[in-house]
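The values are calculated or read from the model by the stated rules, or taken from the named source; none is laboratory data. Source: prediction; values computed, not measured. Using ideal geometry, Cβ is built from the backbone for each residue, glycine included, and neighbour counts are taken over all protein chains shown. Just the protein is used for accessible areas: all its heavy atoms, side chains included, with ligands, DNA and RNA removed. Shrake-Rupley method; radii C 1.70, N 1.55, O 1.52, S 1.80 Å.
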Amino acid sequence: MINVVDLTVRRGDRVVFHRARLHVERGERIAVHGPSGCGKTTLLHAIAGLVIADTGQIVLDGVDVTTTATHRRGIGLVFQDDRLFPHFDVADNVAYSLRMRGMSRNERRRHANDWLERVGLGGFAQRSIDSLSGGEAKRVALARALAAQPSVVLLDEPLTGLDETLHDQLLADVRDLFAQLGTTVVLVTHDRTEGAVLADRAVEFSELLQD
């Protein structure tokens with residue numbers, strides 16, 4: 001499903017990572033662990049198309065997408081800091097990708113309401129982003145990533161900043177949702193508990209790099 005082959009990313013004169021390789025089967029959920037600054041987030045952004053690799057190849061479902069625009073890759077990405085749009089209400093945030101596809105407003109709202117129900121936020125459609133708690137904002141970000149029914153979801157430290165009780169509850173809910181959907185997931189995190197709960201297998205980022 002996902003094949004990253006000998007991917008190298010540089011920032012100016014600095015090599016962020018060199019010849020990274022990653023293989024993920026369809027429907028598999030993996031966790032990539034590693035210390036801050038090792039390149040985990042950059043790898044996710046490269047798979048999503050937000051970072052252009054200097055060398056190497058990214059293949060999704062047999063198609064080389066190394067130079068394909070982000071919105072054409074069929075990928076959902078949940079950022080560490082959520083990145084919700086404060087000038088949109090909750091439903092319009094969730095339905096943003098559907099708006100870009102030209103879906104009518106009524107259909108977008110219907111889909112948004114459905115995904116809000118799935119992430120435990122039924123009735124939140126007209127709420128403002130500023131009114132959300134940290135956990136609610138993360139659920140909205142997850143619903144936005146899933147609304148376009150991507151083939152792959154990338155999670156970048158998605159539960160950072162939550163207290164222990166809320167973190168554990170949301171982690172269990174996310175695990176159950178992905179198990180139900182059968183979504184292919186790549187999670188990057190320094191929290192090994194998250195990886196153990198959410199993923200089928202875990203790898204160290206350093207193990208992905210070729211000598």
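Counting only strands (runs of 3 or more DSSP E) wholly contained in region 124-211, the ones carrying 1 or more residues that are acidic (Asp, Glu) occupy 152-156, 201-204.
If we keep just the residues of region 81-117 that are of a type in the set (Ser, Thr, Tyr) and open to solvent by 50 Å² or more (accessible area, probe 1.4 Å), which is farthest from the chain's Cα centre (by Cα)? Give the derivation first.
The first filter runs over region 81-117 and keeps only residues of a type in the set (Ser, Thr, Tyr), leaving 96-97, 104.
Then drop every residue that is not open to solvent by 50 Å² or more (accessible area, probe 1.4 Å), which leaves 96, 104.
Numbers: Tyr96: 15, Ser104: 25 Å.
For region 81-117, the residue satisfying everything is Ser104.
Residues that are of a type in the set (Phe, Trp, Tyr), modelled with pLDDT under 95 and open to solvent by less than 60 Å² (accessible area, probe 1.4 Å): does region 168-187 have at least one? Outline the logic, then answer.
Keep residues of region 168-187 that are of a type in the set (Phe, Trp, Tyr), which gives 178.
From the residues that got through so far, the ones that are modelled with pLDDT under 95 too are 178.
Filter once more, so that each one left must be open to solvent by less than 60 Å² (accessible area, probe 1.4 Å): 178.
Yes, because at least one residue in region 168-187 is of a type in the set (Phe, Trp, Tyr), modelled with pLDDT under 95 and open to solvent by less than 60 Å² (accessible area, probe 1.4 Å).
Which members of region 28-49 meet the condition of being surrounded by 14 or more Cβ atoms within 10 Å (Cβ to Cβ) and either part of a strand (DSSP E or B) or touching a helix residue (DSSP H, G or I) at 6+ places or on another chain (Cβ under 9 Å) (or both)?
Across region 28-49, the qualifying residues are Arg29, Ile30, Ala31, Val32, His33, Gly34, Cys38, Gly39, Lys40, Leu43, Ala48, Gly49.
If Val65 passes every condition in (1) touching a Leu at 6+ places or on another chain (Cβ under 7 Å); (2) more than 23 Å from Glu207 (Cα to Cα); (3) open to solvent by less than 30 Å² (accessible area, probe 1.4 Å) but one, which one does it miss? For Val65, the failing item is (1).
Okay, residues lined up against (1) over 26 Å from Leu22 (Cα atoms); (2) within 11 Å of the chain's Cα centre (by Cα); (3) in contact (Cβ under 8 Å) with a residue 60 or more places away in the chain:
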residue: Ala141; (1), (2), (3): no, yes, yes
residue: Ala148; (1), (2), (3): no, no, yes
residue: Val152; (1), (2), (3): no, yes, yes
residue: Gly161; (1), (2), (3): yes, no, no
residue: Glu164; (1), (2), (3): yes, no, no
residue: Val174; (1), (2), (3): no, no, no
residue: Phe178; (1), (2), (3): no, no, yes
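Going by the conditions given, is Ala91 under 26 Å from Leu159 (Cα atoms), touching a helix residue (DSSP H, G or I) at 6+ places or on another chain (Cβ under 6 Å) and free of Cβ contacts under 8 Å to residues at least 40 places away in the same chain? Yes. Pairs meeting the criteria (first residue in region 95-111 and more than 14 Å from Ala125 (Cβ to Cβ), second residue at pLDDT 90 or above and in a helix (DSSP H, G or I), beta carbons under 7 Å, at least 6 apart or on different chains) are Ser97/Ala147; Arg99/Arg108. Give region 75-123 a look and list any residue that's β-branched (Val, Ile, Thr) and in a helix (DSSP H, G or I), or say none. Across region 75-123, the qualifying residues are Val90, Val94.
Just a yes or no: is a residue in region 136-155 of a type in the set (Asp, Glu) and open to solvent by 50 Å² or more (accessible area, probe 1.4 Å)?
no
The single condition from (1) open to solvent by 30 Å² or more (accessible area, probe 1.4 Å); (2) modelled with pLDDT under 95; (3) on the phi < 0 side of the Ramachandran plot; (4) in contact with a helix residue (DSSP H, G or I) (Cβ under 7 Å, 6 or more places away or on another chain) that Gly120 fails is (3). Based on what the data block shows, is Ala53 over 11 Å from the mean Cα position of the chain (by Cα), touching a residue at least 12 places away in the same chain (Cβ under 8 Å) and not in a loop (DSSP other than H, G, I, E, B)? No.
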